[in-house]
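Asker: Sending over a structure as structure tokens; questions will come in a sec.
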Amino acid sequence: MAYVDDFPTDARIVRWNMGVAFLALGIGGLFGMIQALHRTGVFRGFVSSADYYTVLTGHGVLLALVFTIFALCGLFTWGVTRSLDRPLPNPRFTLTWFALMLVGALAAAVTILGGLVPSIPFNADVLYTFYAPMQAHPAFYAGLALFIVGTWLAGLDWFRAYWQWRGDNPGERIPLQTFMVLVTMLMWYISSAGVAVEVLFFLLPWSLGLIESVDPLLTRTLFWYFGHPVVYFWLMPAYFIWYTVLPKFSGGRLFSDPLARVVFVLFLLLSTPVGFHHQYVDPGIPEGFKFIAMTNTMFLLLPSLLTAFTVVASMEHGARQRGGEGRLGWLRKLPWDEPAFAGCALAGLMFAAGGFSGMINAGMNINYLIHNTLWVPGHFHLTVGTASTLTFMAAGYWLFPQITGNRLRFRSLATVQPYVWFIGMTLMSNAMHRAGLAGIPRRTAEPQYDAVTFQGVVGGVSEMRLQIAIGGTILFLGLVLFLIVIFGTWFGGSGNDSLRVNGRIPAPLSGPEHSPKILDNLKLWTAVAIVLIVLAYGLPLSAMVADGLFAPGSPPIPV
């Protein structure tokens, strides 16, 4: 079995991707603390309310796109080369997709941050949801296009490695980590086509003045066709870690390889035909298709529940291998003082809470209560903000010593960091959910907490404001601790000969031989996924096109 340092170019790409990801996390996390303090009125000395939207856009784009996808590319490059026991086919091609992603991310980031400098003639305060009628500078859209093309090439690189492996291993089952990578990228290719069309055919020409107006409903629909699957593009790397590495952290083995494959196939099938649940309040979407989206979204609970069972069973196996006994007594035998394990376990716990709040978002009727309120950021801070982010941090504690050849530095800080993050997120997200129920709006620098008179809000809005501010500050403290450990390890660690042993992943209790080979038929599942998308989106999109792609629409609202 291969180790990271067996393939120097690929190990370097893993380091660079993770390094860029964590730098973006640092900047985006700082913006998050500024937001928490500003919109609660606790401290408004960082930015003005006008500049708040630049900070909000930077926070969303840097964390939801740049951080998550660079981290994904680092983890997936490691997983493919490790599980296939071979390097990626062409180092120049690998460097090309990394360079495209980096240039695209820098172009988008510089354009956003230009909003904080009055002398710079461009900005992109369009928030994370970059659809019409708000218009950004063309460089923002061009950067996004380059970034997306880079991700497509990264996926092609991993597929090329798989095709080479398949040529040498006909009839063999796809190794689990590579299977997860390929299925995730198939979902990404299908879903990112929507945002590619939105950016290249509408928003970029619109920002260049080549077309006067665009249809906001069409661009919004194309964005959310992509916007919900991207949630799973954040989460599936976390699942990748939970299924293949977390059992090792627990001292055991994965409970079931077949169940892991079923979960990823279900995400491929169900993640894209659900985007209309973000558009329940849009009058241009037929109610029947909103109902279809709601139904598909509820079906997405199945892979999450299967994951909860499989991952917890794997952790229990590890704990019992350590001497754990009793129905719940085995929990005490888990390595809660190991930062890699603690981060993953706490991330999974937060994801369970996020799943419950997500069911509220998915329901058509009850969604009207919380749509465009602070409940929604409270929900996705549990998912991408903790389930993905804390898992990537935990993976970094384990993987960075391997890809740098250095011991983990500042271990005492690493040990407490997951708990600091967990406490901060518990405070902030709890208050966000409750504030959303009280009607506090999101996406605004002036939410007017004190104007809310919603009856039955325990503790009142002043307590919510303070809890959000304290939680956001604790989160930033947890982020600083993480960055000290990671970059201290990268640039200041000492060598460790045991890293190769530490990098081994034990075989699952139930292997791929216990599942039908049809699970590995990626062409079949891709075809089924496309059919479901056509059923969910075909008629509404054709109606929008029939109304005229370039019919009079919204003029741009410069930001």
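Asker: Give the residue that is surrounded by the most Cβ atoms within 10 Å (Cβ to Cβ), with candidates limited to residues of region 495-534 that are within 25 Å of the chain's Cα centre (by Cα) and at pLDDT below 90.
Answerer: 503
Asker: Between a first residue in region 394-416 that is modelled with pLDDT under 95 and a second residue that is aromatic (Phe, Trp, Tyr) and part of a loop (DSSP other than H, G, I, E, B), which pairs have beta carbons less than 9 Å apart while being 6 or more apart in sequence or on different chains?
Answerer: These pairs meet every condition: 402/3.
Asker: Shifting gears a bit: Kindly indicate which of 352, 308, 313, 345 is in a helix (DSSP H, G or I), small (Gly, Ala, Ser), touching a residue at least 12 places away in the same chain (Cβ under 8 Å) and closer than 28 Å to residue 409 by Cβ.
Answerer: Residue meeting the stated conditions: 345.
Asker: Continuing with this model, one more query. Picking from 309, 233, 264, 299, which residue would you name as being among the aromatic types (Phe, Trp, Tyr), within 21 Å of residue 527 (Cα to Cα) and surrounded by fewer than 23 Cβ atoms within 10 Å (Cβ to Cβ)?
Answerer: Selected residue: 299, the only one of 309, 233, 264, 299 that is among the aromatic types (Phe, Trp, Tyr), within 21 Å of residue 527 (Cα to Cα) and surrounded by fewer than 23 Cβ atoms within 10 Å (Cβ to Cβ).
Asker: Among 316, 325, which is the only one that is of a type in the set (Asp, Glu) and at pLDDT below 90?
Answerer: Unique residue meeting the criteria: 325.
Asker: Also: I'm checking my understanding of the structure. Among residues of region 125-149 that are modelled with pLDDT under 85 and within 15 Å of residue 65 (Cα to Cα), which one is farthest from the chain's Cα centre (by Cα)?
Answerer: Per the stated criteria, the residue is 126.
Asker: If you don't mind, another one. For region 385-404, which residues satisfy the criterion of being touching a Gly at 6+ places or on another chain (Cβ under 6 Å) and surrounded by fewer than 24 Cβ atoms within 10 Å (Cβ to Cβ)?
Answerer: 402
Asker: While we're here: Looking at 30, 56, 37, which is the one that is in contact with a Leu (Cβ under 7 Å, 6 or more places away or on another chain), farther than 21 Å from residue 150 by Cβ and touching a residue at least 40 places away in the same chain (Cβ under 8 Å)?
Answerer: Going through 30, 56, 37 in turn, the sole match is 56.
Asker: Based on this model, can you work out whether residue 67 counts as aromatic (Phe, Trp, Tyr) and in contact with an Asp or Glu (Cβ under 7 Å, 6 or more places away or on another chain)?
Answerer: no
Asker: A further question on this structure: Tell me, which residue of region 103-126 that is surrounded by fewer than 20 Cβ atoms within 10 Å (Cβ to Cβ) and not β-branched (Val, Ile, Thr) is nearest to residue 183 (Cα to Cα)?
Answerer: 106
Asker: Okay, moving on. Got a number for residues in region 318-329 being part of a helix (DSSP H, G or I), surrounded by fewer than 20 Cβ atoms within 10 Å (Cβ to Cβ) and in contact (Cβ under 8 Å) with a residue 60 or more places away in the chain?
Answerer: So the count comes out to 2.
Asker: Checking the conditions here, which among 339, 335 is touching a Pro at 6+ places or on another chain (Cβ under 8 Å) and either farther than 14 Å from residue 255 by Cβ or basic (Lys, Arg) (or both)?
Answerer: 339
Asker: Considering region 197-221 alone, what residues qualify as being under 26 Å from residue 281 (Cα atoms) and buried (at least 18 other Cβ atoms within 10 Å of the Cβ)?
Answerer: 198, 199, 202, 203, 206, 214, 215, 217, 218, 219, 220, 221 - these are the residues of region 197-221 that are under 26 Å from residue 281 (Cα atoms) and buried (at least 18 other Cβ atoms within 10 Å of the Cβ).
Asker: Give just the number: which of (1) over 20 Å from residue 203 (Cα atoms); (2) not in a helix (DSSP H, G or I) does residue 94 not satisfy?
Answerer: (2)
Asker: Could you tell me whether any residue of region 426-438 is part of a helix (DSSP H, G or I), modelled with pLDDT of 90 or more, under 22 Å from residue 234 (Cβ atoms) and hydrophobic (A, V, I, L, M, F, W, C)?
Answerer: yes
Asker: Could you list, in sequence order, all residues of region 156-184 that are without any contact (Cβ under 8 Å) to a residue 40 or more places away in the chain and either among the aromatic types (Phe, Trp, Tyr) or surrounded by 23 or more Cβ atoms within 10 Å (Cβ to Cβ) (or both)?
Answerer: 159, 163
Asker: So is residue 355 in contact with a Ser or Thr (Cβ under 8 Å, 6 or more places away or on another chain) and more than 28 Å from residue 400 (Cβ to Cβ) or not?
Answerer: Judged against the criteria, residue 355 is a match.
Asker: So in region 97-124, with the set limited to residues that are β-branched (Val, Ile, Thr) and not in a loop (DSSP other than H, G, I, E, B), which one is modelled with the highest pLDDT?
Answerer: By that ranking, first place goes to 103.
Asker: Only one of 392, 341 is closer than 14 Å to residue 421 by Cβ, of a type in the set (Phe, Trp, Tyr) and in contact with a helix residue (DSSP H, G or I) (Cβ under 7 Å, 6 or more places away or on another chain); which?
Answerer: When all the criteria are applied, what remains is 392.
Asker: As an exercise: evaluate residue 232 against (1) more than 17 Å from residue 192 (Cα to Cα); (2) at pLDDT below 90; (3) among the hydroxyl-bearing types (Ser, Thr, Tyr) and give the number of the one condition it does not meet.
Answerer: It fails just one condition, (1).
Asker: Okay, moving on. Looking at 258, 283, which one is of a type outside the set (Asp, Glu) and without any contact (Cβ under 8 Å) to a residue 40 or more places away in the chain?
Answerer: Only one candidate passes the filter, namely 283.
Asker: When residues of region 275-295 are filtered for being more than 17 Å from residue 365 (Cβ to Cβ) and under 20 Å from the mean Cα position of the chain (by Cα), how many remain?
Answerer: Looking only at that region, the number is 1.
The values are calculated or read from the model by the stated rules, or taken from the named source; none is laboratory data. Model, not experiment: these values are computed from the prediction. Cβ: placed from backbone, ideal geometry, glycine included. Neighbour counts: every protein chain shown.
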